[in-house]
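A quick write-up on the structure given underneath.
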Amino acid sequence: MDNQIERLAKKLIDAKLMMATAESCTGGGIAQTLTEISGSSQWFDSGVVTYSNEAKQRLLGVPSRLIETCGAVSESVAIAMAEGAAQQEGVDVAVAVTGIAGPTGGTAEKPVGTVWIAWCLPNNRSVARCFTFDGDRQAIRQATIEAAITGLLERL
């Protein structure tokens, strides 16, 4: 993972881009992982943990109607989180995650391990992808962190 973070850092520095994170199910794990390398302040601006629906609305501007109609774990909410983080923090790039890490909270429609990751890229291009990770709570959270970082690196 360190090699990927170093490659991500180089891409962001070379393009003069700053990034932020908006995290729910990972509880700040992406921001922690990204800032483990020295010099990350050159390209990493901030991270917001919005575990509750109210925090998603208050801190990231996620419309309550999206949460009510689509659910907090959805493509629409993940994109709104990423775009909200980019806008609120004034950065060029943002990654957002929302999911069900378990062991409770899953349903037949959205089982434990369901995670939406969204990337807000320069010029307001946003994309999201749904993942279904296996394992316990820690394994799901770790897989989400790795997928978020890998996905951002691939998309830049």
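Which ³J(HN,Hα) values, rounded to whole Hz and listed in residue order, are derived for the stretch 12-27 from phi using the Karplus coefficients 6.51, -1.76 and 1.60 in 6.51 cos²θ - 1.76 cosθ + 1.60 with θ = phi - 60°, glycine and proline given as x?
Along the stretch 12-27, the couplings run 5, 5, 4, 8, 6, 10, 10, 10, 9, 10, 10, 10, 10, 5, 8, x Hz.
Once you have the Cα-Cα distance between SER41 and ALA15, take 0.36 nm times their residue separation minus that, and quote the gain in nm to one decimal.
Full extension from SER41 to ALA15 adds 7.9 nm.
May I ask for the distance between the Cα centers of the stretch 108-156 and the stretch 64-85, given as a whole number of Å?
14
Determine the relative contact order of the stretch 79-141: mean sequence separation of Cα pairs under 8 Å and six or more apart, normalised by residue count, in whole percent.
33
Add +1 for every Lys or Arg and -1 for every Asp or Glu among the other residues with Cβ under 12 Å from the Cβ of GLN57, and state the total.
Taking every Cβ under 12 Å from that of GLN57, the sum is +1.
Along the three principal axes, how long is the chain when you take its alpha carbons, biggest first, rounded to the nearest angstrom?
44, 31, 21
Build a GNM of the chain with springs between Cα atoms under 10 Å: which of GLY61, GLY99, GLY135 gets the top mean-square fluctuation?
GLY135
Can you tell me the FRET efficiency between ALA139 and SER64 if r is taken as the Cβ-Cβ distance and R0 is 41 Å, rounded to the nearest 0.05?
It comes to 0.80.
Rounded to the nearest 10 degrees, what's the angle between the helix 75-89 long axis and the longest principal axis of the chain, both from Cα atoms, 0 to 90?
Once rounded, one gets 40 degrees.
In debye, nearest 20, what is the charge dipole magnitude of the chain about its Cα centre with +1 on Lys and Arg Cβ and -1 on Asp and Glu Cβ, if you could check?
200
Could you tally the net charge around ILE67, taking each other residue with its Cβ under 14 Å from the Cβ of ILE67, Lys/Arg +1 and Asp/Glu -1?
Residues near ILE67 contribute +1 overall.
Indicate, rounded to the nearest 5 percent, the antiparallel portion of the DSSP beta bridges found entirely in the chain.
Antiparallel bridges make up about 60 percent of those DSSP assigns within the chain.
Relative to the longest principal axis of the chain, what angle (0 to 90°, nearest 10) does the C-alpha long axis of helix 137-155 take?
50
Between ASN3 and ALA108, what is the spin-label point distance in nm, taking each point 7 Å from the Cα along the Cα→C-beta axis?
In this crude spin-label approximation the distance works out to 4.5 nm.
Please give the peptides 74-81, 15-22, 48-55 ranked by average Cβ packing (other Cβ atoms within 10 Å per residue), highest first, as a rough proxy for protection.
74-81, 15-22, 48-55
Every number here is computed from the coordinates shown, using simple stated rules; none is lab data. Given the structure is predicted, the values throughout are model-derived calculations rather than measurements. When we count neighbours, we look across all protein chains shown, and the Cβ atoms used for this are built from the backbone with ideal geometry, even at glycine.
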